[in-house]
1. Sticking with the crude label model, points 7 Å out along Cα→Cβ, report the distance from Thr33 to Lys128 in nm, one decimal please.
2. Work through the residues other than Ala123 whose Cβ is under 14 Å from its Cβ and net out their charges, Lys, Arg +1 and Asp, Glu -1.
3. Once R0 is set to 35 Å, what does the formula 1/(1 + (r/R0)^6) return for the Cβ-Cβ distance between Glu113 and Ala141, expressed as a FRET efficiency to the nearest 0.05?
4. Percent of Cα-Cα pairs more than 17 Å apart in the range 41-130, please.
5. Taking the Cα centre of each part, how many Å lie between the range 73-91 and the range 40-69?
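Values in this text are rule-based calculations from the coordinates and carry no lab data. It should be emphasised that the depicted structure is a prediction, and the values quoted were computed from it without experimental measurement. Methodologically, a virtual Cβ is constructed for each residue, glycine included, from the backbone with ideal geometry; neighbour enumeration extends over all protein chains shown.
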Amino acid sequence: MSFERRMRRQGNAIARWVHHAFKGRLDAFGDQTVLMVTSPGRRTGKPRSSMVRYLDHDGGYLVSGTGSGSPTDPDWFRTLRATTRAVVEIGTMPQDVIPRELLGMERDRVWREVVLVRAPGVAQYEAKAGRVIPVAHLRPASSPGRSRPG
């Protein structure tokens, strides 16, 4: 594992700790809102949680797998891609969601018209990564207050 990847993982672990320690009260860093997404691991099935930036969109949440500009999709996005259910926490309220990766023209339209307009800084990650940044829509599955997947 590269040094850069280890540092990203450590940063995510710290962000999760801060989220829990402050009971979700720190859900924005600067002008970026974050949520914690938890989904079953691709190989183990154990719950895996990551703090990710999001945008409210179409009754749900848009997340993009920038991986801070790494050349591969981040593990959390690949894990999300492999499941049909996940849980997000914004603040302390857990909510079941149904993740759906946006593909092709739909992804390109949402990337251009929503993500780049509302969070233009992510463009630097796509240029650095040299890959198409994946985007998923997390649609609420039911009322808030569900338990973690796994």
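1. The two pseudo-label positions are separated by 2.4 nm.
2. +2
3. Approximately 0.85, to the nearest 0.05.
4. Of the Cα pairs, 53 percent sit more than 17 Å apart.
5. 4 Å
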